[in-house]
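Following: one structure in structure tokens, then a few remarks.
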Amino acid sequence: MVVIEQEESEQRNASPSNAAGAANDASDGFETASEADLASDDDGGDGGADRQQEQKHPEEHQRQQQTEQQPEHNVPQSTTESSENALITEESPEKALITEESPENALINEEESRQKALDHANEAKLEGNKLFVDGKYEEALSQYEVALQVAPDTPSSVDIRSICHSNRGVCFLKLGKYDDTIKECTKALELNPVYVKAFVRRGEAHEKLEHFEEAIADMKKILEIDPSNDQARKTIRRLEPLAAEKREKMKEEMIGRS
């Protein structure tokens, strides 16, 4: 009988340690704040009672530990936090009004873009003028073409576009491409019907091609715009005999063919 009681006593003494070992094996090694507090209070308060409860019910204590160790992100947000996040993520009406472009702002931006394009065209035109003075007519033609491409198609750019067409005309005149001069000057006059220089350059190209009647017509247009233009008047007096001579030659050729 003594032996049996001793074995039972040994079994009772061994049970608490086995239960504690099972509880320790169930832990994942992540110590929470509550576990640390419990560890520090082992010698006081209700710590003894807690340890006894742990020894008696190791599985329940393990479930309690797992509940305490649930990650914080699994806890649903409060209504207040959800409302605050909605206010942050949802665009406010005031912000929508700021980001949405008003008609007035659209007009201002469009005007600014046109002005920038006009400034760019003017810079290209000035560069073309420099190249023309240096006798670099081909390069000047390219710069005038750039100016025409970037200049906006608006009334404010009529002057620069007509000037660039006329300047291209004089470049072609220097290069001996008289037909191209006539085309460019005609484009300039379509934009600006009172552009005297375009009439002068087109008249010169007509004269080079022996289009004397057309050249005289351009000089007369100049006199309509500027009656005091003596150069145009002199050119008419010079070209009229040439035009008459050409007419006579054409008549003779027609008679000869018949």
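The values are calculated or read from the model by the stated rules, or taken from the named source; none is laboratory data. Nothing here was measured: the structure is a model prediction, and the numbers come from that model. Cβ placement follows ideal geometry from the backbone for every residue including glycine, while neighbour counts extend to all protein chains displayed. These accessible areas exclude ligands, DNA and RNA; they are computed on the full protein's heavy atoms, side chains included. Shrake-Rupley method; radii C 1.70, N 1.55, O 1.52, S 1.80 Å.
Name every residue in the stretch 133-163 that is open to solvent by less than 30 Å² (accessible area, probe 1.4 Å), closer than 17 Å to ARG114 by Cβ and either assigned to a loop (DSSP other than H, G, I, E, B) or in contact with a Phe, Trp or Tyr (Cβ under 8 Å, 6 or more places away or on another chain) (or both), in order of residue number.
ALA151, PRO152, THR154
Taking the stretch 176-194 as the search range and keeping residues that are open to solvent by 60 Å² or more (accessible area, probe 1.4 Å) and either outside any helix (DSSP H, G or I) or of a type in the set (Asp, Glu) (or both), which one is farthest from LYS125 (Cα to Cα)?
ASP179
Would you check if GLY169 is within 42 Å of the chain's Cα centre (by Cα) and open to solvent by less than 30 Å² (accessible area, probe 1.4 Å)? Spell out the reasoning first.
Working: within 42 Å of the chain's Cα centre (by Cα): yes; open to solvent by less than 30 Å² (accessible area, probe 1.4 Å): yes.
In short, yes.
Can you tell me which of (1) open to solvent by 40 Å² or more (accessible area, probe 1.4 Å); (2) under 30 Å from GLU111 (Cα atoms) is the one PRO227 doesn't meet?
(2)
Output the number of residues of the stretch 214-250 satisfying the condition of being under 53 Å from the mean Cα position of the chain (by Cα) and part of a helix (DSSP H, G or I). Can you show your working first?
Taking the stretch 214-250 and keeping what is under 53 Å from the mean Cα position of the chain (by Cα), we get 214-229, 231-232.
Cutting the leftovers down to part of a helix (DSSP H, G or I) gives us 214-225, 231-232.
Qualifying residue count for the region: 14.
Among all residue pairs at least 6 apart or on different chains, which show Cβ distances below 7 Å where the first residue, located in the stretch 185-200, is free of Cβ contacts under 8 Å to residues at least 40 places away in the same chain and under 9 Å from LYS221 (Cβ atoms) and the second is of a type in the set (Lys, Arg) and open to solvent by 50 Å² or more (accessible area, probe 1.4 Å)?
PHE199/LYS221
Restricting to the stretch 174-227, count the residues that are more than 22 Å from SER156 (Cα to Cα) and β-branched (Val, Ile, Thr).
Total satisfying the criteria: 6.
With the structure loaded, tell me whether GLY203 is under 30 Å from LYS246 (Cα atoms), in a helix (DSSP H, G or I), small (Gly, Ala, Ser) and over 38 Å from the mean Cα position of the chain (by Cα) or whether it fails that test.
Working: under 30 Å from LYS246 (Cα atoms): yes; in a helix (DSSP H, G or I): yes; small (Gly, Ala, Ser): yes; over 38 Å from the mean Cα position of the chain (by Cα): yes.
The answer is yes for GLY203.
In the stretch 115-132, how many residues are charged (D, E, K, R) and either open to solvent by less than 60 Å² (accessible area, probe 1.4 Å) or touching a His at 6+ places or on another chain (Cβ under 6 Å) (or both)?
We begin by selecting, within the stretch 115-132, every residue charged (D, E, K, R); these are 116, 119, 123, 125, 127, 130.
Now narrow it down to the ones that are either open to solvent by less than 60 Å² (accessible area, probe 1.4 Å) or touching a His at 6+ places or on another chain (Cβ under 6 Å) (or both): 125.
Summing the residues that are charged (D, E, K, R) and either open to solvent by less than 60 Å² (accessible area, probe 1.4 Å) or touching a His at 6+ places or on another chain (Cβ under 6 Å) (or both) in the stretch 115-132 gives 1.
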